[in-house]
1. Please go through segment 31-82 and pick out each residue that is among the aromatic types (F, W, Y) and closer than 16 Å to K9 by Cβ.
2. What are the residues in segment 80-89 that are part of a loop (DSSP other than H, G, I, E, B) and more than 22 Å from I183 (Cβ to Cβ), if any?
3. Which condition does K178 not pass, out of (1) closer than 20 Å to F7 by Cα; (2) out of contact with any helix residue (DSSP H, G or I) (no Cβ under 7 Å at 6 or more places or on another chain), if it passes all the others?
4. Any residue at all in segment 46-64 that is out of contact with any Phe, Trp or Tyr (no Cβ under 6 Å at 6 or more places or on another chain), basic (K, R) and on the phi < 0 side of the Ramachandran plot?
5. Go through segment 20-53 and give me each residue that's touching a strand residue (DSSP E or B) at 6+ places or on another chain (Cβ under 6 Å), farther than 22 Å from T179 by Cβ and β-branched (V, I, T).
6. For Q176, are the conditions met, namely being among the polar types (S, T, N, Q) and in contact with a strand residue (DSSP E or B) (Cβ under 8 Å, 6 or more places away or on another chain)?
7. Scanning for something of a type outside the set (A, V, I, L, M), over 22 Å from K198 (Cβ atoms) and out of contact with any Lys or Arg (no Cβ under 9 Å at 6 or more places or on another chain), does segment 40-56 turn up at least one residue?
8. For residues in segment 20-32 being touching a helix residue (DSSP H, G or I) at 6+ places or on another chain (Cβ under 9 Å) and crowded, with 18+ Cβ neighbours inside 10 Å, which is farthest from I148 (Cα to Cα)?
Amino acid sequence: MLHFAKFRKSYGSYLALAIEDLTILSGIYWIKGVNGSGKSTLLKTMAGILYFDGDISINKQISLKNQAIAYRQLVNFAEAEPIFPEFLTGKELVQVFAAAKNAPTGQEDYYIESMHLQPYLNQPVSTYSSGMLKKLSLVLAFMGKPRIILLDEPLITLDQAALNIFYKWIAREHQQNKTSFFISSHQALEPEALPTAKEILLQAQTLHFIS
């Protein structure tokens, strides 16, 4: 359960997002909105990357403002266009994220193998294509024991085979661990891939649940 309290995100004098009091139950949420509506801003503030006023908490107990480390252990985020240190290999990045997220030993194996990343792991990420970088960023987003996974434009550059695998990851993680997902994308939701997903419209500085 995610709770927003007196949440405000501004850029200078411009109020980008305002959520006075909102509780979102566990689930899979597809965030819709036109360009500039604040989808990426919302996810980045939920991830603790951007400063905001008010607070966001998990189960009204773990506050991003007051228990930032504990909160970030439970919330993972994947950028729309991931950028990693180019000198690191994919394997090294996985090791760094696994340590930072206290991931169970060998947790990454399932994700790496199902996305067929093994041949590339020992190569510097500077050699990766945009599609390979996206796949790696998604693997990292599932590391640890997250209660919430935030995914900004995760479908960009993924081919259909990779998309099918990615949807299976989401369904598996949600069913087994009750992990919640917040996904922003310009692409249409595939109802048959994520039948339990609910749509949220981001409009006029706030959220509207539409399914």
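Readers should treat all values here as calculations from the given coordinates under stated rules, not as data from a laboratory. Please read these numbers as outputs of a predicted model, since none were measured by experiment. We place every Cβ from the backbone using ideal geometry, glycine too, and count neighbours over all the protein chains shown.
1. Y51, F52, F77
2. P85, E86, F87, L88
3. Failing condition for K178: (1).
4. Checking segment 46-64: not a single residue is out of contact with any Phe, Trp or Tyr (no Cβ under 6 Å at 6 or more places or on another chain), basic (K, R) and on the phi < 0 side of the Ramachandran plot.
5. T41
6. No, not satisfied.
7. There is no residue in segment 40-56 that is of a type outside the set (A, V, I, L, M), over 22 Å from K198 (Cβ atoms) and out of contact with any Lys or Arg (no Cβ under 9 Å at 6 or more places or on another chain).
8. The selected residue is K32.
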